[in-house]
1. For Phe129, what charge total do you get from the other residues with a beta carbon under 11 Å from its beta carbon, if Lys and Arg give +1 and Asp and Glu give -1?
2. At 7 Å along Cα-to-Cβ for each site, give me the label-to-label distance between Arg103 and Leu296 in nm.
3. Put +1 on the Cβ of each Lys and Arg and -1 on the Cβ of each Asp and Glu in the chain; which of Ile13, Ile292, Pro188 then has its Cα farthest toward the positive end of the dipole?
4. Taking every DSSP beta bridge that has both residues in the chain, what percent is antiparallel when rounded to the nearest 5?
5. Report, in deg cm²/dmol and to the nearest 500, the calculated mean residue ellipticity at 222 nm for the chain, where each DSSP H run with n ≥ 4 adds -39500 (n - 2.57) and the sum is divided by the residue count.
6. What's the carbon and sulfur percent of segment 18-62's accessible surface, probe 1.4 angstrom, rounded to a whole number?
7. Between Arg41 and Arg160, what is the label-to-label distance in nm when each label sits 7 Å out along the Cα-to-Cβ direction?
8. I need the phi-derived Karplus couplings for segment 110-121: 6.51 cos²θ - 1.76 cosθ + 1.60, θ = phi - 60°, integer Hz, Gly and Pro marked x.
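The values are calculated or read from the model by the stated rules, or taken from the named source; none is laboratory data. Quick caveat, the model's predicted, so the values are computed rather than measured. FYI the Cβ positions are ideal-geometry reconstructions off the backbone, even for glycines, and counts take in every protein chain you see. These area figures cover heavy atoms from the full protein model, side chains too; ligands, DNA and RNA do not enter into them. Shrake-Rupley method; radii C 1.70, N 1.55, O 1.52, S 1.80 Å.
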Amino acid sequence: MNNTVRTADNPRISPRPRDGKISIVVTVRNEERALPELYERLCHVLEQVGLEWELVLVEDSSTDHTVEVIRELGQRDTRVKGVFLTRSFGHHVAITAGLDHARGDHFVLMDGDLQHRPEDIPKLLAPYFAGFSIVCGRRTTTQPLIKEIGSRSINYLANRLSDYPIDLNSGMFRVFSKKVKDQLQSMPERSRFLVGMINWLGFPTAEVEIEEDVRRYGTTKYDLRRMVELAINYLISFSTRPLRLATYLGLAAALASILMGFYYIAERLFFGGNVAGWPTLIVTLSMLGGMILLVLGIVGEYVGKMYIELQQRHLYVVDRVMNLDG
């Protein structure tokens with residue numbers, strides 16, 4: 001596999017000291033079977049890295065024995081930290097909770113289902129310590145055909161409408177600096193889309209090609225429906241183009257009505273034809289009704305985001321923590 005770093009030359013890049021603590025932030029939900037193996041593999045990899053480390057596990061309202069497994073790991077190793085939320089606040093909010101409780105100098109985000117391989121962490125750390133503030137893992141393995149086609153289509157359409165194009169399929173596996181983490185914490189929005197937020201910051205970024213393993217335990221939390229919801233959240237949070245699309249639809253409808261009017265006038269004056277009333281009226285009203293509903297839906301999405309932001313509720317609520325002093 002080609003592990004080349006794909007990026008342009010950047011004068012802002014300079015090597016960073018290889019010291020400090022690494023915080024591995026992992027959100028887990030119903031991962032009781034994957035957690036022990038994840039811990040053992042991380043221990044092996046991080047010993048080779050040679051830096052102090054901590055593992056911050058954010059328990060996101062599991063219904064199996066994930067909580068008990070986290071407690072057992074924490075009793076064996078105090079480097080394992082636990083953040084237990086009162087309920088599921090969403091994947092990206094759970095990651096935010098983990099970052100808020102992490103105390104490292106370098107931060108690794110990854111999933112807890114073993115699809116992200118701990119053995120790939122050194123590949124991400126190499127360009128990171130070379131000077132990049134953010135290093136993302138770019139998946140090279142393909143998904144099942146239907147999901148692959150669906151995710152690529154969603155990714156294409158979302159990026160065509162976005163002001164900040166990103167790869168929605170890049171995943172959460174990435175390394176970044178404390179400066180990036182501090183900037184993320186200063187962004188107060190309630191609708192969190194961390195991949196877009198990290199990209200928006202504009203720090204020097206590199207990509208490393210990685211392979212994802214097949215999920216061995218449980219089922220995926222990101223089906224096509226969830227991908228669509230993620231793409232909509234991304235568009236509403238980082239672009240006003242959907243609102244401009246509503247304007248273009250209105251102009252197109254007005255132009256179509258004018259052209260249709262000229263057509264019927266010409267047909268009546270020059271050809272003496274009878275204008276079909278009822279079918280024409282139904283088609284026109286259906287077209288306009290569909291456009292109006294689409295525009296209302298787009299505006300409603302933005303208004304809903306504003307309503308959530310104005311409520312100023314907590315992003316998440318922590319029930320208890322483990323091995324976190326202070």
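1. Values: positive: Arg16, Arg18; negative: Asp19.
With Lys, Arg at +1 and Asp, Glu at -1, the neighbours total +1.
2. 5.4
3. The residue sitting farthest along the positive end of the dipole is Ile292.
4. Details: 13 of 38 bridges.
Looking only at bridges with both residues in the chain, the antiparallel portion is about 35 percent.
5. Estimated from H runs of four or more residues: -16000 deg cm²/dmol.
6. Working: 630 of 1680 Å².
In segment 18-62, the share of accessible area belonging to carbon and sulfur is 38 percent.
7. 3.7
8. So the Karplus estimates, Gly and Pro as x, are 7, 7, x, 9, 6, 6, 7, 8, x, 5, 8, 4 Hz.
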